Amino acid sequence: MVITTAMAETDAVSATGRTSGATTRKALILAGERLFALRGFEAVSISEVNDAAEVRNRSAVYYHFKSRD
């Protein structure tokens, strides 16, 4: 498992190698903020935010956020 900067700033990885939901949510928020600041809200896809946060579970972003807004 790769620990991103966003993850390192929040919670530790559990003994099973999984991150907490709060850690995943924080990583997605930080990645989204960074990408939106660089390229603008309309130019960034949800998939790109997921990739930038290095979250392997594709459905995690939909679990934590019901829409792009």
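The values are calculated or read from the model by the stated rules, or taken from the named source; none is laboratory data. Source: prediction; values computed, not measured. Note that each Cβ is placed from the backbone with ideal geometry, even for glycine, and that neighbours are counted across all protein chains shown.
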TODO: Just give me the residues in the stretch 22-57 being of a type in the set (Asp, Glu) and assigned to a helix (DSSP H, G or I), in sequence order.
DONE: Glu33, Glu42, Glu48, Asp51
- [ ] Hey, can you tell me all the residues within the stretch 18-49 that are surrounded by fewer than 16 Cβ atoms within 10 Å (Cβ to Cβ) and not hydrophobic (A, V, I, L, M, F, W, C)?
- [x] Arg18, Ser20, Gly21, Glu33, Arg39, Gly40, Glu42, Ser45, Ser47, Glu48
Open item on the list: Quick check on my filter: what residues within the stretch 4-17 are among the aliphatic types (A, V, I, L, M) and either at pLDDT 90 or above or surrounded by 14 or more Cβ atoms within 10 Å (Cβ to Cβ) (or both)?
Closed with: Ala6, Met7, Val13
TODO: Would you check which residues across the stretch 58-69 are surrounded by 11 or more Cβ atoms within 10 Å (Cβ to Cβ) and in a loop (DSSP other than H, G, I, E, B) and list them?
DONE: Arg58, Phe65, Arg68
Open item on the list: List pairs: first residue in the stretch 34-52 and farther than 18 Å from Tyr62 by Cα, second residue of a type in the set (Asp, Glu) and part of a helix (DSSP H, G or I) anywhere in the structure, Cβ distance under 9 angstrom, at least six positions apart or on different chains.
Closed with: Arg39/Glu48
